Amino acid sequence: MKATHKTFDSTLGRAIGRARVFYFCGADEAGAGDAAGRAVQRLGAAELVDLSGAELKRDPVRLADEARSTSLFGDRRIIRVTMSGDEAHEAVTTLIADDVAGWPVIIVAAGASDKSRVAKMLVDRDDALVGVFHPPDLAAVGEAVRNAGEALGVKLSGPLAQQLAQAAGLDTRIARSELEKLALYLDTSAQSPKAVRAEDLAAIGAETRDDGMNPLINATLGGLTGALAREMPKLAAGDINPVGLLLAFERRAVQLAGLAARMGPGGNVAAFIEQEVQSRRIFFKDGKDLALQLQKWRGQRLERLLARLVALHRAMLKDNTGAQQKLQQAIAEIARAAAR
């Protein structure tokens, strides 16, 4: 089975109870991650077992073993995998070759597309769902925000839904977080919905666009320690939201993974980025920074960067105490690696 942004909800409904593997990929990493979260919700209460693509690359049999294993307390399980590209291809091959279906496996593949080996292996199977998420437009995300709000009792007009989507940088994960804040602020539920006014949105809204974060992201990933020293006080002072900044780092890392995949090994970075700018696949003002970062973050180094950001994301979801300090430490480590 295959789904896109537009068909995901209806296809997910058919896949629940039938699919043993849910594979989410595409250039819109936020959309793929959000889809994985919705799949977890639809599958119901269960123990979540998190694995990384790097772990499965080292031990390809582990995924099938975890899918067959029993929880210590007898609970249902969901195996959740975060990987880059096709690094867990052998593990997925071993999983679907196993006659025992086991627990459902949800995979988010950063930097992968429906042309990846794993996607091609799963797309025609009745017991698998491949979700491909391309960068959405404002209208599509606005509609998704309206639909998500309905489930929380938050009724948004079209213009307000698009305003929230735009403030979230078209990132559905951030938008859902803002909807949850709105539901708490207005004391709503699906049984007791309320219409949102512009002043309500302003009251709970936080600026989440990447624009104000880009200098810090560019300084970190470019290893520009002097510029980083000027930007870090903004995070320490609370001028930048730590969660929003982490998501922005993840989006940039996924963008670099996509660029690296298109360029291929041994490509000329400067010529490739110039071509991307001319083709308007990247914004011309970002060209210089992306060229520098692509020189520093490719292959295994980029895989380690993605794994580090994913691990930090999980840690902050489990416990957001000291989120700012955790992120500051990670930024310092990443910047030192880039400077080397």
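Just so it is clear, none of the values below were taken in a lab; they were calculated from the coordinates. Keep in mind that what you see is a predicted model, and the values were worked out from it rather than measured. Positions of Cβ are backbone-derived with ideal geometry, glycine not excepted, and every protein chain shown enters the neighbour counts.
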Checklist entry - Beyond 18 Å, what share of the Cα-Cα pairs of segment 214-339 remains, rounded to the nearest whole percent? => result 52 percent
Item to check | Number of Lys pairs (Cα under 20 Å; 8 or more positions apart or on different chains) in the chain | outcome: 13
Checklist outcome for this item: Expected sort for 87-95, 294-302, 106-114, 123-131 on mean C-beta neighbours within 10 Å, highest first, is 106-114, 87-95, 123-131, 294-302
Checklist entry - Hey, what do the phi angles of segment 153-165 turn into as Karplus ³J(HN,Hα) couplings, whole Hz, using 6.51/-1.76/1.60 and θ = phi - 60°, x for Gly and Pro? => result x, 9, 9, 10, 6, x, x, 5, 4, 5, 5, 5, 4
Item to check | Residue with peak Gaussian network fluctuation, the chain [Cα springs, cutoff 10 Å], from D137, D99, D286 | outcome: D99
Checklist outcome for this item: Normalised per residue, the volume inside the convex hull of the alpha-carbon atoms of segment 138-204 in Å³ amounts to 62 Å³
Item to check | Rg/Rg_globular for segment 38-118, with Rg_globular taken as 2.2 N^0.38 Å and Rg from C-alpha atoms | outcome: 1.06
Item to check | Highest-fluctuation residue, P265, P193, P135 considered, GNM on the chain with Cα pairs under 10 Å | outcome: P265
Checklist outcome for this item: Contour minus Cα-Cα span, T321 to A198, at 0.36 nm per residue, comes to 41.2 nm
Item to check | Residues whose placed amide H lies under 5 Å from that of K2, excluding near-sequence neighbours | outcome: V130
Item to check | Relative contact order (percent, whole number), the chain, Cα cutoff 8 Å, 6+ residue spacing | outcome: 17 percent
Checklist entry - What residues have an amide H closer than 5 Å to that of F133, excluding those fewer than 5 places away on the same chain, when H is modeled at 1.01 Å from N in the peptide plane? => result C25, G26, A27, D28
Checklist outcome for this item: A correct Karplus calculation of ³J(HN,Hα) over segment 14-20, with 6.51 cos²θ - 1.76 cosθ + 1.60, θ = phi - 60°, whole Hz and x for Gly and Pro, returns 6, 6, 4, x, 10, 7, 9
Checklist outcome for this item: Rounded to whole angstroms and listed largest first, the alpha-carbon spread of segment 1-143 along its three principal axes comes to 45, 29, 23
Checklist entry - Rounded, prolate or oblate: which one fits segment 190-276, using the alpha carbon gyration tensor with axes a ≥ b ≥ c (rounded when a/c is under 1.5, else prolate when a/b beats b/c, else oblate)? => result oblate
Checklist outcome for this item: Residue by residue through segment 78-85, the couplings from Karplus 6.51 cos²θ - 1.76 cosθ + 1.60 with θ = phi - 60°, in Hz, x for Gly and Pro, are 10, 8, 10, 10, 10, 9, 10, x
Next on the checklist: If N is the number of residues in segment 19-74, what value comes out of its Cα radius of gyration divided by 2.2 N^0.38 Å?
Outcome noted: 1.28
